[in-house]
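Take a look at the structure set out below.
The values are calculated or read from the model by the stated rules, or taken from the named source; none is laboratory data. Model, not experiment: these values are computed from the prediction. Counting neighbours? That spans all protein chains shown, and the Cβs are built from the backbone with ideal geometry, glycine included.
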Amino acid sequence: MTTRDSLRRLRGLRRNGGFRGWGGVMAMVVACVLTGSLTLLPLSRSVGQDAADFAQQRISTAVPVVAEDCDLLESAVRPSSADGNAIKTIKARKVPKLVVGIDQNSYGWGYRNPLTKELEGFDIDLVRAIAEEIFGDPDAVTYRAVTTGQRVDALNGREGKDGSVDLVVRTMSISCERKKQVLFSDAYFETGLQVLAPKGSAITGYDRSLKDKRVCSATGSSADAKLKTESYGAQRVLVPNQLDCLVRLQLGMADAIMTDNSLAAGLMAQDPAIERAGAQLPKEYYGVAAMKDNTDLIARVNKVLRDYSAGGDNSRWTQSYRKWLAKGLPGLTGPPKAG
Amino acid sequence: MTYPSNVRTAPPAAPGRAPARSSPAAGPSPEEPPTRAAAWVEGTERLRAAAATEPGRLRIIGAALALLVVAFGAVTAWEVSDRYSAAHDVVHRSQQLSADAAGIYSSLADADTAAASAFLSGAPEPVKLRDDYDEDIKAASRLLIDAASHTDSTGASDEAIKKLNEGLPVYTGLIEQARSYNRQGLPLGAAYLRYANERMTEDLLPEAKTLYDTETGRLAADNERARRWPYASTALAVLALGVLCWAQRRDHRRTNRVFNLGLVCATAASLVLLVWLGVGQSLARDNLNSAQERGQASLKELNDARIESLKARANENLTMVSLGAVIEKDSRTGVDEDKYEKDYQTAMGELDRALARAEKLADGGPVGEQVGKARAAYAQWQSRHKEARASDTAGDYRAAVTKVIDGKESTGHSFGQVEKALETSLDEKQRDFERFAAAGQSRLSGLAVGAGVLALVAAAGAVLGIGRRLSEYR
């Protein structure tokens, strides 16, 4: 990367009119430091990177929404419909299809309908829209089931040839830690941890009412991590998958479930006798993830997301939301907005 | 010889009157009344006195001979009826209970496999698979009732039957719930199916295995008991024959007569009984040994193979149903793996080993041929499974499902062939076992009654033979 690129990048910042208050000043400082370090320490980037991609990159100007030192809402790359290196490579494949890591067990998001044996859900709709944008064919996708723990490795080719994917669209929360490992798109969904309990239960939320109650969560989930740090005297019940929590609750082996609000919607849709207890915990955002170098791919995803949410009440985002999620997660009007 | 007991309570009498009150059979010292030990001593002394004359000696020999052959007959009858009842238990009770326990074990495993297969086939479930499941549950319940009424209330079996009776309705309830959610197209159905499978593999199958192990253990113990050599009878036979020979030799020396018909009869009867005992018991042991080694040992391996093949099939289906919902870290490599795929591989490994052992035990023959077929189908199953997994990983779920459940090219077909070969082998080996065990039992039949009759004949012979000699002294 050259100094000229960095300058162009700065200009890009100004053109977008992103300087606002202290955030802007901070961003400028960060930009200066970045420019300096990049000129002094030449990075070995893959060759043939489109200059246009970099022109569209910018340093985020939005004030971080969570008390973390990065922006969770906006992607590091701007929307673009140009075919970069990554997309060209995918199109040149023997089987020119996008390989996407998905979940097959999250009702409403990504799940295999036992009747049709087809994948369905909000995430699957999004994958199809991305494939349509790139190939003009929503079916030009190879779906590969990846687990929560495999997501980052599958993107970075560490799961072997049979396990690597181009994109992960799998209710993946954007975090600063993960941003260091993968490249995220703009946030496309807002969620947070939520306690679920049977109707009429004495449990009032993530608070002292959980004392001596059996609270179920999936092993290794963020709900489990949260309960580990503060359980309010609850007994933890751990299962392999959050869906198993509903089985335990129905069989009287757990008193409450703690999971992502968005996934809670899927559980509530399958059992009308449970409801949310208390408010949702601090927000988290879902994003589409790709390998760090595949900037053109994420730029393309961001373009899809922009088109996806355009059109207000009739946007494709809203249609998909109504179809899969509105029943258990009512009241949303569109994806989370930056700034 | 009894001394009046009221002597001590009588008032002290004048020394002169004491002899008048003592017993007519005067003791050695009239002043000191003899004790009971002295009475015994008196008895031996009488015997010793009798042994001093020939008729007395003959009487003693006659009594000893009669006693010995009767003891020989009685002990033989007792030992043989113990062996016979053990063999009877093998044929009519423990074998049946062990086969029932194997039936419970495999019905349960088969029910779980049928439930998972039906689930994977989609809703509505294929009628055949649903019927298979229903049949399995019915068979398991029926066998459990039988087992409960036949088993002695000995710890392990009773406890296992109790737990199985408690667990079975819970399991079927979970399966019904899984079905009803599946029909609505909800993934919760698969979660229930997984939970039902967990209860089956963690609660029911281990109890069924305990029951099976206990019952086969009892069968082996009964068989072992039936095969124990009757040492006491043999020792008494040798002793009785020895004394008979000695008595005849003594007779010959004293009278110069070659034969004493009574004693010869007694010897012949004792010899016949000894030979009958020896041959009968040897043949029975041989048959029972064959039942154990050529029947039961193979049955165990074949049953093990059957259970493992059923477990593998259930896990193969569950891999396709669970869709990566349950991931476990491999304890050795630390790599995340699908639990059901891992369990499938474990069960297939066990199946392969059990088949290898069964093939070795079968040692050719029709069963060896069947086990060979099962091994070929096993290899085909493994390679087809690999193809199905490859399709699934490549994102072609439908093709993967087809390779698992549909038609002649599917792993389901290979599994069916393994099952068929194993069932044929099990039937064959069960028949072998029954044949050998029944033959073993029949070798011992009549021996106990025969022992009684022959012993009486021998005793009568001895008494008559000696009696004839005695009459010469009158």
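Only residues that are within 17 Å of residue A:126 (Cβ to Cβ) and either among the aromatic types (Phe, Trp, Tyr) or part of a loop (DSSP other than H, G, I, E, B) (or both) were counted in segment A:82-106, giving 3. Residue A:134 meets each of the listed conditions (1) within 20 Å of residue A:222 (Cα to Cα); (2) more than 9 Å from every other protein chain (Cβ to nearest Cβ); (3) aliphatic (A, V, I, L, M) apart from (1). Residue pairs whose Cβ atoms lie under 9 Å apart, sitting 6 or more positions apart in sequence or on different chains, and linking a residue in segment A:242-258 that is without any contact (Cβ under 8 Å) to a residue 24 or more places away in the chain and assigned by TED's automatic domain parsing to the domain that holds residue A:223 to a partner that is surrounded by 24 or more Cβ atoms within 10 Å (Cβ to Cβ) and in a helix (DSSP H, G or I), are A:247/B:188; A:247/B:191; A:247/B:192; A:247/B:194; A:250/B:188; A:250/B:192. The residues in segment A:127-155 that are more than 23 Å from residue B:390 (Cα to Cα) and either touching a Ser or Thr at 6+ places or on another chain (Cβ under 7 Å) or of a type in the set (Asp, Glu) (or both) can be counted, and the count is 3. When segment B:51-94 is limited to residues that are among the β-branched types (Val, Ile, Thr) and buried (at least 17 other Cβ atoms within 10 Å of the Cβ), the one that is nearest to residue B:473 (Cα to Cα) turns out to be B:61. Of the residues making up segment B:404-434, just one is without any contact (Cβ under 8 Å) to a residue 60 or more places away in the chain and of a type in the set (A, V, I, L, M, F, W, C), namely B:421.
Given the condition without any contact (Cβ under 8 Å) to a residue 40 or more places away in the chain and facing chain A (nearest Cβ under 10 Å), answer yes or no: does some residue in segment B:208-221 qualify? Taking every residue of segment B:208-221 in turn, none turns out to be without any contact (Cβ under 8 Å) to a residue 40 or more places away in the chain and facing chain A (nearest Cβ under 10 Å). Restricting attention to segment B:330-350, the residues that are in a helix (DSSP H, G or I) and more than 14 Å from chain A (Cβ to nearest Cβ) total 7. Per the listing B:347, B:297, B:305, B:354, the residue uniquely touching a residue at least 12 places away in the same chain (Cβ under 8 Å), touching a helix residue (DSSP H, G or I) at 6+ places or on another chain (Cβ under 6 Å) and over 20 Å from residue B:201 (Cα atoms) is B:297.
Applying the condition of being within 7 Å of chain A (Cβ to nearest Cβ) and not in a loop (DSSP other than H, G, I, E, B) to segment B:178-189 and asking which residue is nearest to residue A:263 (Cα to Cα) yields B:188.
If the condition is being surrounded by fewer than 24 Cβ atoms within 10 Å (Cβ to Cβ) and either of a type in the set (Val, Ile, Thr) or touching a residue at least 60 places away in the same chain (Cβ under 8 Å) (or both), then segment A:106-117 contributes only A:116.
Of the residues that make up segment B:166-176, is at least one within 20 Å of residue B:139 (Cβ to Cβ), more than 12 Å from chain A (Cβ to nearest Cβ) and of a type in the set (A, V, I, L, M)? Yes: one or more hits. If you check A:116, A:142 for being in a strand (DSSP E or B), hydroxyl-bearing (Ser, Thr, Tyr) and either more than 25 Å from residue B:181 (Cα to Cα) or within 12 Å of another protein chain (Cβ to nearest Cβ) (or both), only one passes: A:142.
Do we find a residue being under 13 Å from the mean Cα position of the chain (by Cα) and aliphatic (A, V, I, L, M) anywhere in segment A:128-151? No, there is no match, as no residue in segment A:128-151 is under 13 Å from the mean Cα position of the chain (by Cα) and aliphatic (A, V, I, L, M).
Selection within segment B:198-215: residues that are among the charged types (D, E, K, R) and under 10 Å from residue B:164 (Cα atoms). The member of this set that is surrounded by the fewest Cβ atoms within 10 Å (Cβ to Cβ) is B:203. The number of residues in segment B:79-93 that are charged (D, E, K, R) and closer than 21 Å to residue B:231 by Cα comes to 3. Among the residues of segment B:397-418, those that are in a helix (DSSP H, G or I) and surrounded by fewer than 19 Cβ atoms within 10 Å (Cβ to Cβ) comprise B:398, B:399, B:402, B:413, B:416, B:417. Report, by residue number, each residue of segment A:119-139 that is touching a helix residue (DSSP H, G or I) at 6+ places or on another chain (Cβ under 9 Å), assigned to a loop (DSSP other than H, G, I, E, B) and surrounded by fewer than 21 Cβ atoms within 10 Å (Cβ to Cβ). Residues satisfying the conditions are A:137, A:138, A:139. Scanning segment B:221-240 for residues that are of a type in the set (A, V, I, L, M) and either under 24 Å from residue B:437 (Cα atoms) or surrounded by fewer than 20 Cβ atoms within 10 Å (Cβ to Cβ) (or both) gives B:221, B:226, B:232, B:235, B:238, B:239.
Looking at segment A:221-339, the helices (runs of 4 or more DSSP H) lying wholly inside it that each contain 2 or more residues that are surrounded by fewer than 19 Cβ atoms within 10 Å (Cβ to Cβ), more than 14 Å from chain B (Cβ to nearest Cβ) and at pLDDT 85 or above sit at A:222-229, A:295-309, A:316-324.
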